[in-house]
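The values are calculated or read from the model by the stated rules, or taken from the named source; none is laboratory data. Predicted, not measured: the structure shown is a model, and the values here were computed from it. Methodologically, a virtual Cβ is constructed for each residue, glycine included, from the backbone with ideal geometry; neighbour enumeration extends over all protein chains shown. Just the protein is used for accessible areas: all its heavy atoms, side chains included, with ligands, DNA and RNA removed. Shrake-Rupley method; radii C 1.70, N 1.55, O 1.52, S 1.80 Å.
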Amino acid sequence: MNARHQHTDALMWITDRPATAFVRGEGSWLFDANGRRYLDFIQGWAVNTLGHCPPVVQKALAEQAATLINCSPAFFNLPAAALAARLCALSGLDRVFFANSGAEANEGAIKLARKWGSIHRDGAFEIITFDGAFHGRTLATMSASGKPQWAELFAPKVSGFPKATLNDIDSVEQLVNPRTVAVMVEPIQGESGVIVASDAFLRALRKLTQDRGLLLIFDEIQTGIGRTGRMFGFEHAAVSPDIMTLAKGLGGGVPLAALLATEAVSCFSAGDQGGTFNGNPLMTHVGSAVVACVAEPAFLANVEARGEQLRQGLHRLAERYSLGDIRGRGLLIALDLRQEIGATVVDIARENGFLINAPRPHLLRFMPALNVSEREIETALSILDATLGEVISP
Ligand SMILES: *Cc1c(COP(=O)(O)O)cnc(C)c1O
């Protein structure tokens, strides 16, 4: 580590990070220690649904902090009950278990499916997942993920996660056997590069799982809470899962996740599931404030409109610089650069005051705040234009 990093030396190294430390955020903007501002299209990794430090989140935190922060998971609390009821009404599912991260919600989904299999499917426990999938960084969720670089890591893996190919229903069907209990899928694979599971594929999965008596689990940790222009990604395909997980956008920046299930599948016995911080009033009250904003009639229309504006601008840039596809839905969008220049584009864009992410060496991902303005999208496109001009000689 160099001298500029000295004040961060006590943090365990897990990855290289830019020297810049951010000290303040407001809406779509982040400010560094030198007072320089950056247009943020990473937003805490598709987490800050309403941008940085939105007044409704500040207010919910302050209100709840002055009322009740944590009363122990041994007791009910009103904010958790209210958010659970709201999520059930919006999703059509019946029961909610709150968690603190996406991986933890997915662990809960895996446990619930295995428990259901032990009761209803003669001990079936295998969950079919997909190549390229990302479900988290605990041992079980890493095992459920289909990230090639993880295949040999932290052996022995948790077993019972055979991998199929996204958008290929035959590949799923071939893996079904008497040990199979569920299929788990992201409606859009976010981390592996914004790869959309087609509506036809999700409908075929719903039919296959129904026909074979299996559970369908949607990992909506990245796609849920308005990100794709609908409250939940599955609404595009008009199919509903038996189990769904939410995290990222649900807390609008605070650590909050949820595992939702139908009544028929909600089969935990006392002691099977729990957690000290789970469903604490402070986080769930914030979750309710965020969900209330996203559920307002005009909100998702703006996500669609801004997404369309961003896609059209990216199409113009793709033509100008001979780039590839634009993929995604709503405000989860990727641009294929056709060359492995993603990391360079990210670095130069940051120098130019624009924060984006390259989930793959040839790919840029855009995940702005869902209340991003028309003007901010224009600014983003013009900084990206200048950045691409510096990296690619036209
Ligand atoms: C981010 C993500 C996770 C993991 O969530 P964490 O909060 O980082 O544990 C799981 N699944 C999907 C689809 C994600 O995007």
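In this structure, does C88 turn out to be hydrophobic (A, V, I, L, M, F, W, C), on the phi < 0 side of the Ramachandran plot and within 21 Å of the chain's Cα centre (by Cα)? First the steps, then the outcome.
Details: hydrophobic (A, V, I, L, M, F, W, C): yes; on the phi < 0 side of the Ramachandran plot: yes; within 21 Å of the chain's Cα centre (by Cα): yes.
Criteria met by C88.
Of the numbered criteria (1) within 16 Å of the ligand (Cβ to nearest atom); (2) over 12 Å from D131 (Cβ atoms), the one G160 fails is (1). Being more than 21 Å from the chain's Cα centre (by Cα) and polar (S, T, N, Q) is the filter here; which residues of the range 267-279 pass it? The answer is S269, Q273, T276. T20 satisfies every condition listed in (1) more than 30 Å from N357 (Cβ to Cβ); (2) of a type in the set (S, T, Y); (3) part of a loop (DSSP other than H, G, I, E, B) except (1). Taken together, the residues in the range 93-148 that are within 16 Å of the ligand (Cβ to nearest atom), open to solvent by 50 Å² or more (accessible area, probe 1.4 Å), out of contact with any helix residue (DSSP H, G or I) (no Cβ under 7 Å at 6 or more places or on another chain) and over 28 Å from A82 (Cβ atoms) amount to 3.
Within the range 303-362, the residues that satisfy the criterion of being among the small types (G, A, S) and farther than 26 Å from H236 by Cβ are S322, G342, A343, A349, G353. Of the residues making up the range 356-386, those that are surrounded by 23 or more Cβ atoms within 10 Å (Cβ to Cβ) and either part of a strand (DSSP E or B) or over 25 Å from the mean Cα position of the chain (by Cα) (or both) are L364, R365, F366. Please verify whether V183 is more than 13 Å from the ligand (Cβ to nearest atom), assigned to a helix (DSSP H, G or I) and surrounded by 21 or more Cβ atoms within 10 Å (Cβ to Cβ), treating the condition exactly as stated. Considered against the rule, which asks whether it is more than 13 Å from the ligand (Cβ to nearest atom), assigned to a helix (DSSP H, G or I) and surrounded by 21 or more Cβ atoms within 10 Å (Cβ to Cβ), V183 comes out as no.
Looking across the range 21-43, the residues that are open to solvent by 50 Å² or more (accessible area, probe 1.4 Å) and either touching a residue at least 60 places away in the same chain (Cβ under 8 Å) or within 18 Å of L331 (Cβ to Cβ) (or both) come down to R36, R37.
For the range 215-333, which strands (runs of 3 or more DSSP E) that fit wholly inside it have 1 or more residues that are open to solvent by less than 40 Å² (accessible area, probe 1.4 Å) and within 30 Å of S118 (Cα to Cα)?
Numbers: elements: 215-219, 243-246, 257-261, 326-329.
Passing ranges, in order: 215-219, 243-246, 257-261.
Looking across the range 10-58, the residues that are β-branched (V, I, T) and at pLDDT 95 or above come down to V23, I42, V47, T49, V56, V57. Restricting attention to the range 186-214, the residues that are within 11 Å of the ligand (Cβ to nearest atom), open to solvent by 10 Å² or more (accessible area, probe 1.4 Å) and of a type in the set (G, A, S) add up to 1. A count restricted to the range 61-91 and to residues that are among the small types (G, A, S), open to solvent by 60 Å² or more (accessible area, probe 1.4 Å) and assigned to a loop (DSSP other than H, G, I, E, B) stands at 2.
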